[in-house]
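Report on the structure given below.
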Amino acid sequence: MTVISVDVSQASNSLRQAEVSLQKLPAKIPLATSRAINRAVQAGKTSAVREVRSQYTIKAAAVRESMSIRLSKRDDLEGEIVSKGRPRSFTQYRLSPKRDTVGAKRKQPMVAVKKGGALKPLGHFIYKGKVFARLGAKRLPVEHKTGPAVPTLLKNENVAKTVQSTMETVFIKRLGHEVSRLLEEKK
């Protein structure tokens, strides 16, 4: 499981400016902060999918379905992206051939997990859309082979930095917007 939270420590100046702007409406500060955090979390999820797709050959739907977001509330100013999941089948990555590889004219399955990486032979076979490996010289037993889980991909240093940076930027931008919006409502 991977958890990515909004880090507002870099936005201390923006928070101070929000407090100064909303001096006459101190009860509205948590509302503006909560709304900005929620927008930052949603932008972070989008950024996470985009970054994982830019580095790995996994399908976007597989990344999206492994993530959930916990939104912030006025009394709980924490928002986070949580990614849970098991190792993914190699069929979620770039796999060749895509059809079953059983029978007389068998091709060796090859997979590329990283973008720009060469297809690497698996030395196994594909049956009913899943990659299997024999555990001995006999036909059985076989083992289902899988690639890395989405939470593992999100732990990549470049992906995590980009997502965190996006969330910080969106938080700062949205906080200013929410403060001005609440000030206009007051008038």
For the chain: accessible area per residue (Å², 1.4 Å): 61
Amide H contacts of Lys73 (H built 1.01 Å from N, under 5 Å, at least 5 apart or other chain): Glu78
Cβ-Cβ FRET estimate between Leu140 and Val82, R0 fixed at 41 Å, reported to 0.05: 0.60
Estimated distance in nm for a label pair at Arg64 and Leu31, the labels positioned 7 Å out from Cα along Cα-to-Cβ: 3.2
For the chain, with +1 on Lys and Arg beta carbons and -1 on Asp and Glu, the positive-most of Gly129, Val179, Val150 along the dipole: Gly129
Rg and Dmax [Cα atoms of the chain; Å; Rg one decimal, Dmax integer]: 22.9, 80
Mean separation of Cα contacts under 8 Å (6+ apart) over length of region 67-187, as relative contact order %: 20
Protein accessible area in region 67-137, 1.4 Å probe - carbon and sulfur %: 51
Geometric extent, Cα atoms of region 63-171 - Rg, Dmax (angstrom): 19.1, 65
Farthest toward positive dipole pole in the chain [+1 Lys/Arg, -1 Asp/Glu at C-beta], among Pro87, Met1, Leu71: Pro87
Alpha-carbon Rg with Dmax, taken over region 32-116, Å: 18.4, 66
Efficiency of FRET between Ala118 and Lys173 - r from beta-carbon atoms, R0 41 angstrom, step 0.05: 0.50
Among 41-47, 117-123, the order from most to least packed when residues are scored by Cβ within 10 Å on average: 41-47, 117-123
Cα→Cβ-extended label distance, 7 Å offset, between Arg99 and Glu184, nm: 5.9
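The values are calculated or read from the model by the stated rules, or taken from the named source; none is laboratory data. Just so you know, these numbers come straight off a predicted model, no measurement behind them. Please note: Cβ atoms are built from the backbone with ideal geometry, for glycine as well, and neighbour counts cover all protein chains shown. Note: accessible area is taken over every heavy atom of the protein model, side chains too, but ligands, DNA and RNA are not part of it. Shrake-Rupley method; radii C 1.70, N 1.55, O 1.52, S 1.80 Å.
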